[in-house]
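J.: This is the structure I have questions about; it appears just below.
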Amino acid sequence: MIFEFCREHKDLWLCTQRFHLVLHSTGGTRPDCSYERLTEAEACGAIGWSQTELARKVWVTLRSVNIKGLPEELEIVRACEARLGWQSTPQVAIPEDAKTPLSRRSLSDPAAMAAELCRKACSALPAIPPDKAQAYVEILERAWGSLDTVDGSVSQVEEFARGILGRLARQPGFVVFMLDVSDDDECAQVSAILQGGFTGVRVWRNGRERLLCAAPTGV
């Protein structure tokens, strides 16, 4: 990995052929900055991060942009996962019953949708390390803003999701719920389609019988 660093402002950037991504900044890009190239070890020393902290920051930053089909960036992500102990899990074959279209009732019923969300999370997702699930939450915060989260048993997460989906279903602009599983993000998500947009509730499987659920704050 190649890094650029401004010693005056303590700004650190990750550099690839396609991206120039900020990892640490005290005030954003400045046109008068003088940058120098650093190795991974030098970057850690300059900011005061451990190699583990740097790897996590690089992983979150790269996963926050579209790197599909980009060999250099994907290789960096895999290297960070190895450093963090997030060994790649085998691709999970989604069971046929998890692909079955939902009934019309469950498309608008909050309780049925919360139960189906947790069922898909348990049946179709790989169990990922808890700290990797938390890193996914950090990525999601960049897109959705502040999040409320619950890390607990299947029943606890289902209760949390049911409450949020119930409130969304009562909004005047509510249209329907949609449920999807993402292999790339290792998550299941219910999207409440509203007039003019959507609000999502996302779940990761971070243990054999544990789930981590995130939804925008204030829903």
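J.: Could you give every pair whose Cβ atoms fall below 8 Å, whose first residue belongs to the range 1-17 and is over 20 Å from Val60 (Cα atoms), and whose second residue is at pLDDT 95 or above and part of a strand (DSSP E or B), counting only separations of at least 6 or pairs across chains?
T.: Hits for this filter: zero, empty list.
J.: Moving on to the next point. Right, Val58: at pLDDT 95 or above, more than 30 Å from Arg119 (Cβ to Cβ) and in a helix (DSSP H, G or I) or not?
T.: Yes.
Quick grid of which residues meet (1) closer than 17 Å to Ile139 by Cα; (2) in the same structural domain as Asp185 (by TED's automatic domain parsing); (3) exposed (fewer than 13 other Cβ atoms within 10 Å of the Cβ):
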{"position": "Leu14", "(1), (2), (3)": "yes, no, no"}
{"position": "Arg18", "(1), (2), (3)": "no, no, yes"}
{"position": "Thr26", "(1), (2), (3)": "no, no, yes"}
{"position": "Cys44", "(1), (2), (3)": "no, no, no"}
{"position": "Trp49", "(1), (2), (3)": "no, no, no"}
{"position": "Ala55", "(1), (2), (3)": "yes, no, no"}
{"position": "Ile67", "(1), (2), (3)": "yes, no, no"}
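J.: Quick check on Ile94: is it at pLDDT below 95 and under 17 Å from the mean Cα position of the chain (by Cα)?
T.: Taking the combined requirement at face value, the residue does not satisfy it.
J.: Considering only the range 9-37, state which residues are over 17 Å from Ala55 (Cα atoms) and at pLDDT 85 or above.
T.: Once the filter is applied, which keeps residues that are over 17 Å from Ala55 (Cα atoms) and at pLDDT 85 or above, the range 9-37 yields Lys10, Gln17, Arg18, Ser34, Tyr35, Glu36, Arg37.
The values are calculated or read from the model by the stated rules, or taken from the named source; none is laboratory data. Keep in mind that this is a model prediction, so the values were computed, not measured. Positions of Cβ are generated from backbone atoms using ideal geometry, with glycine treated the same way; all protein chains shown enter the neighbour counts.
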